[in-house]
Amino acid sequence: MPTQEPLDAATALALRYNPPRLGRLAMARRRALFGDAVLVRARPTPSVALEPGQALAVGPGAALTNAPFDARSVQTWVDAALELDADASLLLPLEPRDAEAPARYVEGLLALAEALADRPAPASSLAPYCTVPAGTFRLWAIAVARLLLPAGVRVEARHDLVGIRVAQIALGFGADTLSGPIEADRALPIAGVTRPNEATRAGLFNLVEQAGLRPTESSTTP
């Protein structure tokens with residue numbers, strides 16, 4: 001299993017203000033774990049409103065609803081996540097205007113990584129996002145998750161929650177999964193050629209390829 005130098009909370013928080021270094025580190029980590037492969041996965045848009053800092057597990061076997069994500073309660077998620085289906089995803093809305101939110105988020109990630117250190121990582125994923133414009137905050141949230149979490153927890157860029165442009169950029173900040181609703185491919189009336197709609201399977205694959213990466217639909221592809 002590829003390793004990296006330990007990243008402490010202070011360094012993880014400081015990287016928020018150094019996007020170039022953040023991107024380089026997160027890309028190196030993603031590359032060490034998954035090579036150039038990016039998983040393209042269909043995910044439904046959540047049907048319930050989520051409170052910032054409250055995680056929601058969605059997908060087969062999901063057992064959590066609006067559970068806090070912080071150092072004190074992260075074990076609850078670990079215990080539940082180990083029972084989730086591999087297709088489960090943990091949605092985590094963050095509030096960048098809350099000055100304490102980044103520290104709580106990093107503490108939660110570190111606690112999660114520590115809790116998984118001596119046990120198999122759940123074959124599930126984390127999708128951090130925020131619903132308000134926040135500069136590079138969304139990219140930092142995705143990148144620092146990839147830097148701190150083991151390979152068994154994939155890190156998703158949700159195109160429906162962060163915007164398709166930010167999701168594509170997030171591929172350069174360590175995201176190993178591009179996910180969200182996938183529209184049906186539409187064909188031109190005569191030629192039968194797939195239209196380049198960005199939220200179709202073909203469109204999402206194209207976004208990954210434009211980022212210089214290899215799209216895949218298998219989570220086991222090296």
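The values are calculated or read from the model by the stated rules, or taken from the named source; none is laboratory data. Because the structure is predicted, anything quoted here is derived from the model rather than measured. Methodologically, a virtual Cβ is constructed for each residue, glycine included, from the backbone with ideal geometry; neighbour enumeration extends over all protein chains shown. Quick note on the areas: whole protein, heavy atoms, side chains included, nothing else; ligands and nucleic acids left out. Shrake-Rupley method; radii C 1.70, N 1.55, O 1.52, S 1.80 Å.
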Cβ-Cβ under 7 Å, sequence separation 6+ or interchain: first residue in the range 73-102 and over 16 Å from residue 52 (Cβ atoms), partner hydroxyl-bearing (Ser, Thr, Tyr) and at pLDDT 70 or above. Which pairs? 81/124; 84/124; 86/124; 88/124; 89/124; 89/125
Exception for residue 62 within (1) more than 28 Å from residue 213 (Cα to Cα); (2) of a type outside the set (Val, Ile, Thr); (3) at pLDDT 65 or above falls at (3)
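State whether the residues of the range 116-133 include one that is in a helix (DSSP H, G or I), surrounded by fewer than 21 Cβ atoms within 10 Å (Cβ to Cβ) and modelled with pLDDT under 85.
Our first condition is that a residue be in a helix (DSSP H, G or I); within the range 116-133, this holds for none.
Within the range 116-133 (the criterion being in a helix (DSSP H, G or I), surrounded by fewer than 21 Cβ atoms within 10 Å (Cβ to Cβ) and modelled with pLDDT under 85), the answer is no, since none of the residues qualifies.
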Can you tell me how many residues in the range 162-178 are surrounded by fewer than 24 Cβ atoms within 10 Å (Cβ to Cβ), under 11 Å from the mean Cα position of the chain (by Cα) and modelled with pLDDT under 95? 0
Residue tally, condition touching a helix residue (DSSP H, G or I) at 6+ places or on another chain (Cβ under 7 Å) and either surrounded by fewer than 12 Cβ atoms within 10 Å (Cβ to Cβ) or small (Gly, Ala, Ser) (or both), over the range 22-53: 4
Would you mind telling me which numbered condition in (1) touching an Asp or Glu at 6+ places or on another chain (Cβ under 9 Å); (2) over 21 Å from residue 31 (Cα atoms); (3) open to solvent by 20 Å² or more (accessible area, probe 1.4 Å); (4) modelled with pLDDT under 90 residue 186 fails? (1)
Identify, by number, the condition in (1) crowded, with 24+ Cβ neighbours inside 10 Å; (2) modelled with pLDDT under 95; (3) closer than 20 Å to residue 34 by Cα that residue 151 doesn't meet. (1)
Among the residues of the range 134-146, the number that are surrounded by fewer than 23 Cβ atoms within 10 Å (Cβ to Cβ) and modelled with pLDDT of 95 or more is 0
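Within the range 151-160, which residues are more than 11 Å from the chain's Cα centre (by Cα) and touching a residue at least 60 places away in the same chain (Cβ under 8 Å)?
Within the range 151-160, 151, 160 qualify.
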